[in-house]
Amino acid sequence: MHTSPLDQPGTGDAGGMNVYITEVSRRLAEAGVAVDIFTRATSSDLPRVVEMLPGVTVRHVTAGPYEGLAKEDLPAQLCAFTTGVLRAEAARPPGWYDLVHSHYWLSGQVGWLAKDRWGVPLIHSAHTLAKVKNRSLAAGDKPEPMSRVIGEEQVVTESDRLVANTPTERHELVELYDADPERVAVVPPGVDLERFTPPAAGSGDLVRRSARRWVGLPEDGYVVAFVGRIQPLKAPDVLLAALAELRRTDPALADQTTVAICGGPSGSGLERPTALIELAAALGITDRVRFLPPRPPSELAAVYRAADLVAVPSHNESFGLVALEAQACGTPVVAAAVGGLVTAVAHGVSGVLVDDHDPTRWAGVIGDLLAAPARRGVLARGAAEHARRFSWNATASGLLAVYRRAMVEHWDRRAAAVLTAGAS
């Protein structure tokens, strides 16, 4: 409801979930599953129906004003959005949809009603959880409201199956939301292993220089990249502060290092869209920081290949697709040891996990890796190998298994209810 798979990831509310839905829908369609994606219309110019891919249709539902609605305003439009979804189904023959898969709690509320109206199972993916986010807020960030917490609890209760990205998320659903462990399946997200690929053996330096020229980064020296939405939750400020600390402790190394920030303001970051630029100036590192606009997936591989390291200092991540994409390109990752990043990054094999957000710690880890090309080489090979364990085909296969089990149980319950009613 709050973002469309047609939106550009890396800005606004578009991020890893958009990539997830696009890539999974493609694989489901290739497996013979027709997919309809309902999303809120954000412009009067959008066609009501768009064929995103063969077998995948995006349906734009009018719910509230097209523009000017923040994610926090959307609960007031749940009724309008639900009505649009139900009307689309009412125009079809009875039993048109076999199953609903909702993403994020707002869509989960709509899916809950659709499930009851259509008599089909509901599968839900939270992607992020309010109780988890509120336990690890960035300084100055706003906690998620109680209305979201209650909404998530309701969706957890009403879903036939919950899909967690990692065992960590499964534990959080069970412990924080009292989810039935038998109804929570772990299906890891994937990575496009055809788009995100490592350099051929022996061509790493050549590929890196070429990527830097194309992206617009210095060909010489070191590059540490941050890719994602610019907001306190993602903690790009930690990376800038780490660079400032590195300049204090090892000025020669810092003067050879460029931090590339690729993304746009999002969430609470929209309140001060220039905050990161101002922070770089205040820290005295403007000369070593480059801001790049958000890139479509087709261009992101070049950003990853241009970097010696990719930093993911988030305060919370349900998985961390950026970390996986970077590693698939053979670029080691330095990431916060939170949430799904513990699964996405193999500590000491494909990158390094940092236990806190202390800029001094981050400066030490990044500085040590930049000064050790042999170790980076080992991690680069480990990164590509680790990423090959994940694919969108595997994700889609895992989801299909969840769907089948939920549908079998659903129809078994309906058959039992009919028999019981007949016996009475």
Look at Leu246 and say whether it is of a type outside the set (Gly, Ala, Ser), surrounded by fewer than 22 Cβ atoms within 10 Å (Cβ to Cβ) and over 20 Å from Gly15 (Cα atoms).
no
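Anything in region 288-297 that is touching a strand residue (DSSP E or B) at 6+ places or on another chain (Cβ under 9 Å) and surrounded by fewer than 14 Cβ atoms within 10 Å (Cβ to Cβ)? List them, or say none.
Narrowing region 288-297 to residues touching a strand residue (DSSP E or B) at 6+ places or on another chain (Cβ under 9 Å): 288-295.
Residue satisfying the conditions is Pro293 alone.
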Would a scan of region 399-406 turn up a residue that is closer than 25 Å to Phe196 by Cβ and crowded, with 19+ Cβ neighbours inside 10 Å?
yes
Looking at Val186, Val174, Val156, which one is touching a Phe, Trp or Tyr at 6+ places or on another chain (Cβ under 8 Å), at pLDDT 95 or above, over 30 Å from Glu278 (Cα atoms) and of a type outside the set (Ser, Thr, Tyr)?
Val156
Among the residues of region 187-219, how many are without any contact (Cβ under 8 Å) to a residue 24 or more places away in the chain and not hydroxyl-bearing (Ser, Thr, Tyr)?
9
Quick check on region 136-155. Is at least one of its residues within 28 Å of Glu409 (Cα to Cα), outside any helix (DSSP H, G or I) and touching a residue at least 12 places away in the same chain (Cβ under 8 Å)?
no
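Considering every residue within region 78-86, establish whether at least one is on the phi < 0 side of the Ramachandran plot and under 22 Å from the mean Cα position of the chain (by Cα).
No, the conditions are met nowhere in region 78-86.
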Residues that are out of contact with any Gly (no Cβ under 7 Å at 6 or more places or on another chain), of a type in the set (Asp, Glu), without any contact (Cβ under 8 Å) to a residue 12 or more places away in the chain and not in a helix (DSSP H, G or I): does region 165-182 have at least one?
yes
Within region 183-212, track down each residue that is of a type in the set (A, V, I, L, M, F, W, C), over 25 Å from the mean Cα position of the chain (by Cα) and part of a loop (DSSP other than H, G, I, E, B).
Ala200, Ala201
Might you check whether a residue that is more than 20 Å from the chain's Cα centre (by Cα) and closer than 16 Å to Leu162 by Cα occurs anywhere in region 125-133?
no
How many of the residues in region 68-101 are hydroxyl-bearing (Ser, Thr, Tyr), closer than 21 Å to Val35 by Cβ and free of Cβ contacts under 8 Å to residues at least 60 places away in the same chain?
1
In this structure, does Ala244 turn out to be at pLDDT 95 or above, out of contact with any helix residue (DSSP H, G or I) (no Cβ under 6 Å at 6 or more places or on another chain), not in a helix (DSSP H, G or I) and not aromatic (Phe, Trp, Tyr)?
no
Out of all the residues in region 142-157, which are surrounded by fewer than 18 Cβ atoms within 10 Å (Cβ to Cβ) and not aliphatic (A, V, I, L, M)?
Lys142, Pro143, Pro145, Ser147, Glu153, Gln154, Thr157
Quick test of your reading of the structure: His357 fulfils all but one of (1) modelled with pLDDT of 95 or more; (2) surrounded by 20 or more Cβ atoms within 10 Å (Cβ to Cβ); (3) touching a Leu at 6+ places or on another chain (Cβ under 8 Å). Name the failing condition by number.
(3)
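This table checks each residue for (1) within 30 Å of Arg404 (Cα to Cα); (2) loosely packed, with under 15 Cβ neighbours inside 10 Å; (3) among the charged types (D, E, K, R).
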| site | (1), (2), (3) |
| --- | --- |
| Ala63 | no, no, no |
| Glu67 | no, yes, yes |
| Gln77 | no, no, no |
| Thr83 | yes, no, no |
| Asp98 | yes, yes, yes |
| Ser102 | yes, no, no |
| Lys115 | yes, no, yes |
| Leu129 | yes, no, no |
| Asn134 | no, no, no |
Close pairs from region 55-67: first acidic (Asp, Glu), partner assigned to a loop (DSSP other than H, G, I, E, B), Cβ under 8 Å, at least 6 apart
Glu67/Thr42; Glu67/Ser43
Given (1) more than 17 Å from the chain's Cα centre (by Cα); (2) not in a strand (DSSP E or B), number of the condition Thr258 does not satisfy:
(2)
Cβ-Cβ under 7 Å pairs, at least 6 apart or on other chains, region 28-44 side more than 20 Å from Gly190 (Cα to Cα) and of a type outside the set (Ser, Thr, Tyr), far side in a helix (DSSP H, G or I) and at pLDDT 95 or above:
Phe38/Val85; Arg40/Phe81
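The values are calculated or read from the model by the stated rules, or taken from the named source; none is laboratory data. Fair warning: this is a prediction, and the values are worked out from it, not measured in the lab. Here the Cβ is made from the backbone with ideal geometry for all residues, glycine too, and neighbour counts use every protein chain on show.
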